[in-house]
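The values are calculated or read from the model by the stated rules, or taken from the named source; none is laboratory data. Values in this document were obtained by computation on a predicted structure and should not be read as measured data. Backbone-built Cβ (ideal geometry, glycine too); neighbour counts: all protein chains shown. What goes into the accessible areas is simple: the full protein's heavy atoms, side chains included, and nothing from ligands, DNA or RNA. Shrake-Rupley method; radii C 1.70, N 1.55, O 1.52, S 1.80 Å.
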Amino acid sequence: MGEIGAAVGSVRQRIAAACDRVGREPAEVRLLPVSKTVGPDRVREAVAAGCLRFGENRVQELVAKSDALEDVVGLSFAVLGHLQTNKVRDVARLAAEFQALDSLRLAAELDRRLQREGRQLDVLVEVNSSGEDSKFGLPPADVPDFVRALAPFDALRVRGLMTLALPSPDRRLVAECFDRMRQARDAVRQTGVPDFDELSMGMSGDFELAIEHGSTVVRIGRAIFGERR
Ligand SMILES: *Cc1c(COP(=O)(O)O)cnc(C)c1O
């Protein structure tokens with residue numbers, strides 16, 4: 001087994017151990033390898049290790065990689081990054097999942113393009129759980145109203161929330177971000193929205209803590225593919 005296959009195995013073990021610590025089942029946590037900046041040949045190594053969905057944060061790269069990996073049966077992509085409306089067409093055409101929905105304008109444009117393609121898309125709403133100015137995403141308190149306003153867009157399957165936590169060595173502050181996410185998700189569920197289960201939170205540096213605080217999707221780049229150049 002190559003280096004990437006071994007890294008996938010090691011991340012899976014760490015996911016299982018984190019689940020074990022809090023009495024969760026590893027099957028409740030989806031590993032989403034993030035292949036941004038990683039070439040198609042190295043993505044194939046992760047495919048050989050059993051990964052079939054990959055996260056990308058630039059649409060140009062999504063287009064190029066979809067093309068280069070066209071022969072891989074069952075391969076799909078999740079778009080993680082902030083999206084400009086002029087890139088919506090490619091996402092509607094190629095992505096299986098969009099994790100960075102943060103405006104109604106974008107939702108309307110995505111829905112329009114998806115209707116035209118005859119497709120549906122799983123979407124997660126991006127939340128600014130840390131309150132940092134530099135972050136995209138909605139304040140947690142705005143999430144229930146925002147999700148309610150997405151109801152008319154029937155090409156969007158609204159499945160949950162995504163965040164980038166505070167990049168801090170203080171685990172308590174990071175955990176607070178994750179807890180705010182869980183509260184925001186539960187607030188939406190209480191309004192009666194069905195299938196609103198997903199909490200995409202946790203990256204290479206904080207995924208075990210995220211799992212301990214309820215993550216259902218961990219987005220892992222460097223711990224699988226190594227440092228990005
Ligand atoms: C790059 C990226 C990741 C992965 O980060 P690592 O630290 O490499 O695991 C996760 N989520 C988003 C939105 C990203 O852009």
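Taken along the Cα-to-beta-carbon direction at a fixed 7 Å, the label points for Asp145 and Asp67 span 4.3 nm.
Listed by chain and number, the lysines placed with their C-alpha closer than 18 angstrom to that of Lys36 are Lys65, Lys87; residues fewer than eight positions away on the same chain are left out.
When each of the peptides 211-221, 60-70, 185-195 is scored by the mean number of other C-beta atoms lying within 10 Å of its residues, the order from highest to lowest reads 211-221, 60-70, 185-195.
Note on the range 99-132 and the range 11-25: Cα centroid distance 30 Å, given to the nearest whole angstrom. Close amide H partners of Glu198, meaning residues 5 or more places away or on another chain with modelled amide H under 5 Å apart, are Gly160, Leu161. Simple spin-label estimate for Met1 and Arg44 gives 2.0 nm between the two label positions (7 Å along the Cα-to-Cβ direction from each Cα).
Summing +1 for each Lys or Arg and -1 for each Asp or Glu among the other residues whose beta-carbon sits under 14 angstrom from that of Arg113 gives +2. Computed 3J(HN,Hα) for the range 29-38, one whole-Hz value per residue from the Karplus formula 6.51 cos²θ - 1.76 cosθ + 1.60 where θ = phi - 60°, is 10, 8, 8, 10, x, 9, 9, 4, 6, 9, glycine and proline marked x.
Using a Gaussian network model on the chain with a 10 Å cutoff between Cα atoms, which of Phe98, Phe196, Phe54 fluctuates the most? With Cα springs under 10 Å in the chain, the top fluctuation among Phe98, Phe196, Phe54 is at Phe196. Both radii come from the Cα set of the chain: Rg as radius of gyration, Rh as Kirkwood radius; their ratio Rg/Rh reads 0.95. For Glu117 and Arg12, a Förster radius of 45 Å and the Cβ-Cβ distance give a FRET efficiency of 0.85, rounded to the nearest 0.05. By accessible area, using a 1.4 Å probe on protein heavy atoms only, the chain has 48% of its surface on carbon and sulfur. Residues in the chain average 48 Å² of solvent-accessible surface per residue, probe 1.4 Å, ligands and nucleic acids excluded. Using 0.36 nm per residue and subtracting the Cα-Cα separation, the extra length available between Gln84 and Arg172 on full extension is 28.3 nm. Its relative contact order, with pairs defined as Cα atoms under 8 Å and 6+ residues apart, puts the chain at 21 percent. On the basis of the beta-carbon distance and an R0 of 30 Å, Glu227 and Arg105 show a calculated FRET efficiency of 0.25.
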